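Quick notes on the structure that follows.
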Amino acid sequence: EAQVTQNPRYLITVTGKKLTVTCSQNMNHEYMSWYRQDPGLGLRQIYYSMNVEVTDKGDVPEGYKVSRKEKRNFPLILESPSPNQTSLYFCASSPHRMTGGFEQYFGPGTRLTVT
Amino acid sequence: ILNVEQSPQSLHVQEGDSTNFTCSFPSSNFYALHWYRWETAKSPEALFVMTLNGDEKKKGRISATLNTKEGYSYLYIKGSQPEDSATYLCAFNAGNNRKLIWGLGTSLAVNP
């Protein structure tokens, strides 16, 4: 089944404790992206990647890191999480690196709480 | 600053009603307009990707139109059903093709 998977789905952690949210797609998509969703703010892009070893900042990259060592995986790393990073996170992928004309496929979301 | 606006913010209709809502976006540097459906506790799913002025797309009872010259798209739902209850998001791509700019969505509730 073609899909985007994220793990964990739910995470409660404490300030400063490094964490990684994994994202994997099995559709051989070039483009992958991380978003956060906060009430009243809509989807905001954190980082995106147009291909292996190519990553770029989105609108809200501060406090996050990503890597794209393999085409299928795009982990999101929070080196020192803070409470303002409490949010719902979505990973998405798209068939083409120039994603504008192609639909995005979303993972199931990760609900992160930082206390 | 590129901005995408959706209206209304929320909508309540009765089962069987037809409804529509609007996505407004900058009319310059247009490349594509996306519509997504986002049900509670699920992830957004693509409905349409529209690229041509005057384009109309249809999927079952849901259809969308696009006017790139004036910067708006309409999403129509004919004969709404309770399972249509969701947030409908639109997203604009400004020609650089690298990312989407998202609206806040229209939350639709269909009462049986």
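A few comments on the model shown:
- With R₀ fixed at 35 Å, the C-beta to C-beta distance from A:K71 to B:H12 puts the FRET efficiency at about 0.20.
- Each of A:K57, B:K59 has its accessible area taken with a 1.4 Å probe; listed largest first, they run A:K57, B:K59.
- Note on A:K18: accessible area approximately 120 square angstrom, rounded to 10, probe 1.4 Å, nucleic acids and ligands left out.
- Largest to smallest accessible area among A:R72, B:R61 [probe 1.4 Å]: A:R72, B:R61
- For the pair B:K69 and A:R111, label points projected 7 Å from Cα toward Cβ lie 4.8 nm apart.
- Tail weight of P(r) past 26 Å, computed on alpha-carbon pairs of the protein assembly as shown, percent: 37
- Phi to ³J(HN,Hα) by Karplus 6.51 cos²θ - 1.76 cosθ + 1.60 over the stretch A:55-68, Hz, x for Gly, Pro: 10, 9, 6, x, 7, 9, x, 4, x, 10, 9, 9, 8, 9
- When the alpha carbon gyration tensor of chain B is reduced to an equivalent ellipsoid, its three semi-axes come out at 24, 14, 12 angstrom, largest first.
The values are calculated or read from the model by the stated rules, or taken from the named source; none is laboratory data. Quick caveat, the model's predicted, so the values are computed rather than measured. Cβ sites come from the backbone with ideal geometry, for glycine too, and all protein chains shown count toward neighbours. Accessible surface areas use protein heavy atoms only, side chains included; no ligands, DNA or RNA. Shrake-Rupley method; radii C 1.70, N 1.55, O 1.52, S 1.80 Å.
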